[in-house]
Amino acid sequence: MKDWKTNLRMATPYVPGEQPTEADIIKLNTNENPYPPAPGVADALAELLTEQLRLYPEPDAGRLASALAKRYGVAKEQIFIGTGSDDVLGMAFLTCFAGAAHAKQLGQAVEEHMVLFPDITYSFYPVWAELFGIPYRRPALDEGFRIRKEDYFVPNGGIVLANPNAPTSIAEDAAVIEDIIRHNPESVVIVDEAYVDFGAESVLPLVEKYENLLVVQTFSKSRSMAGMRIGFAVGSRTLIAAMQAVRNSYNSYPMSLPAILCGVAAVEDEAYFAQTTAAIIKTREASAVRLKQLGFTVLPSKTNFLFVSHKAVLAEELFERLREKHIYVRYFRQERIQNYLRITVGTDAQMEHFFEVLTTLVS
Ligand SMILES: *Cc1c(COP(=O)(O)O)cnc(C)c1O
């Protein structure tokens with residue numbers, strides 16, 4: 001007798017950080033922005049009429065695509081928008097990494113079609129690869145958690161790099177990323193720039209030079225809109241058209257009207273964006289100094305978080321003690337990084353309270 005459950009697809013999901021609902025907590029565990037979205041976002045929501053919700057939204061989120069195209073100096077046809085960059089990245093995996101599947105169909109070996117991403121990086125990448133049956137390999141970062149670019153100078157079926165990387169916070173120069181792209185004209189290179197606005201170099205301008213480059217960014221971190229779910233990719237017209245075709249084979253209206261209108265308002269306020277990202281960078285640098293004074297090793301961050309390890313107190317211990325005091329940071333029970341904590345940069349006031357508690361725990 002066959003069990004109906006044998007028909008189910010088995011998946012091991014990505015596990016995001018906790019979203020506790022108590023009011024009196026300091027939440028430094030999922031890299032949200034501590035500042036509110038640009039003031040224009042509140043106006044856009046206030047002006048939205050429920051009558052407008054009667055109609056389907058624009059299938060390609062056209063107004064938002066135009067605003068992003070203008071902001072980043074590309075054509076509207078070079079922009080793909082999704083419900084958060086997780087959605088965009090998932091669609092990118094599905095679209096861009098079909099080489100191994102094609103090889104298998106032709107009876108060829110899949111060895112040279114493995115998708116490559118580092119051993120320590122965003123933990124959603126292996127989840128999508130497993131879900132879509134994409135074979136992958138994970139070259140190890142070096143002892144300083146840096147990418148060894150030569151690891152990517154081999155035949156492959158695609159490359160994904162988070163730059164700055166997560167959870168390490170380390171950014172590679174655009175020249176290093178370009179070198180990897182230059183060595184891989186036969187595969188798609190996805191660069192996940194979720195944190196690039198906090199001081200790293202973007203490879204976005206290189207989409208004009210390399211047709212096989214896809215740059216993915218998000219409104220969740222630098223634009224303070226994690227709850228609205230907006231992410232986007234920039235690439236060549238050919239690559240974006242391929243992604244749109246896959247997306248439209250699955251869901252034609254991913255972006256809600258409120259998301260489109262709020263997204264446009266956020267992109268249009270360049271001054272607010274510059275001001276809030278600068279504030280976070282300033283708080284990050286001051287926090288890094290204080291952490292070092294308390295005996296922490298602090299990796300050089302170009303993100304809105306700090307990845308740290310204490311010389312005497314175990315990370316897991318600190319994670320639990322902080323949690324008892326209603327301060328949430330992120331801890332990963334994973335090889336190589338099991339003695340590190342990832343701490344999101346909050347407001348100066350939040351960090352002040354965090355340091356008061358942390359000082360008692362490490363001294
Ligand atoms: C936060 C994050 C994302 C996804 O964020 P969305 O909220 O889905 O836009 C993607 N990649 C990395 C590395 C991230 O840290």
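The values are calculated or read from the model by the stated rules, or taken from the named source; none is laboratory data. Just so you know, these numbers come straight off a predicted model, no measurement behind them. Glycine gets a Cβ as well: all are built from the backbone with ideal geometry, and neighbour counts include every protein chain shown. These accessible areas exclude ligands, DNA and RNA; they are computed on the full protein's heavy atoms, side chains included. Shrake-Rupley method; radii C 1.70, N 1.55, O 1.52, S 1.80 Å.
Listed values, structure above:
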quantity: Prolate/oblate/rounded label for segment 8-61 (Cα gyration tensor, a/c 1.5); calculated: oblate
quantity: Prolate/oblate/rounded call for segment 58-181, Cα gyration tensor, a/c under 1.5 rounded; calculated: oblate
quantity: Square roots of 5 times each gyration tensor eigenvalue, C-alpha, segment 1-134, largest first, Å; calculated: 35, 24, 19
quantity: √(5λ) per eigenvalue of the Cα gyration tensor, segment 218-363, largest first, Å; calculated: 36, 19, 14
quantity: Computed lengthening from Ile25 to Val110, 0.36 nm per intervening residue step minus Cα-Cα distance; calculated: 25.7 nm
quantity: Rounded if a/c under 1.5, otherwise prolate or oblate - segment 194-278, Cα gyration tensor axes; calculated: oblate
quantity: Rg/Rh (Cα only; Kirkwood hydrodynamic radius) as it applies to the chain; calculated: 0.97
quantity: Gained length - Arg54 relative to Lys2, 0.36 nm times residue gap less alpha-carbon distance; calculated: 14.2 nm
quantity: Net charge over other residues, Cβ less than 10 angstrom from the Cβ of Asp87 (K, R count +1; D, E count -1); calculated: +1
quantity: Protection proxy ranking, peptides 39-52, 203-216, 157-170, average beta carbon neighbours within 10 Å, highest first; calculated: 157-170, 203-216, 39-52
quantity: Net dipole in debye of the chain [+1 Lys, Arg Cβ; -1 Asp, Glu Cβ; about Cα centre; nearest 20]; calculated: 420
quantity: Relative contact order [Cα under 8 Å, 6+ residues apart], the chain, whole percent; calculated: 23
quantity: Two-site label geometry, Asp142 and His102: point separation in nm, points 7 Å out along Cα→Cβ; calculated: 3.4
quantity: Simple Cβ-charge dipole of segment 170-313, Lys/Arg +1 and Asp/Glu -1, about Cα centre, in debye nearest 20; calculated: 620
quantity: Point-to-point label distance, Glu335-Gln275, nm (Cα→Cβ direction, 7 Å offset); calculated: 4.8
quantity: Across Lys76/Lys282; Lys209/Lys302; Lys76/Lys221; Lys221/Lys292, pairs whose alpha-carbon gap is larger than 28 Å; calculated: Lys76/Lys282
quantity: Label point at Arg71 placed 7 Å out along Cα→Cβ; residues across segment 242-262 whose backbone nitrogen lies under 18 Å; calculated: 255-262
quantity: Distance-filtered residues of segment 341-362 - backbone nitrogen under 17 Å, label point 7 angstrom along His326 Cα→Cβ; calculated: 347, 349-358
quantity: CD proxy at 222 nm, helix term only [per DSSP H run n ≥ 4: -39500 (n - 2.57); per residue of the chain; nearest 500]; calculated: -11000 deg cm²/dmol
quantity: Fraction of accessible area attributable to carbon and sulfur, segment 114-162 (%, probe 1.4 Å); calculated: 54
quantity: Size of charge dipole - segment 62-214 - debye, nearest 20, with Cβ of Lys, Arg +1 and Asp, Glu -1, no other charges; calculated: 440
quantity: Loop-located chymotrypsin sites (Phe, Trp or Tyr not before Pro) in segment 236-273 whose Cβ has at most 11 other Cβ within 10 Å (DSSP); calculated: Tyr250
quantity: Reciprocal mean inverse distance between Cα atoms of segment 248-304 - Kirkwood radius, Å; calculated: 14.7
quantity: Probe 1.4 Å, protein heavy atoms only - accessible area per residue of segment 84-211 in square angstrom; calculated: 40
quantity: Farthest positive-ward along segment 239-335 dipole, Cα basis, beta-carbon charges - from Ala315, Ala242, Thr303; calculated: Ala315
quantity: Rg/Rh (Cα only; Kirkwood hydrodynamic radius) as it applies to segment 137-282; calculated: 0.98
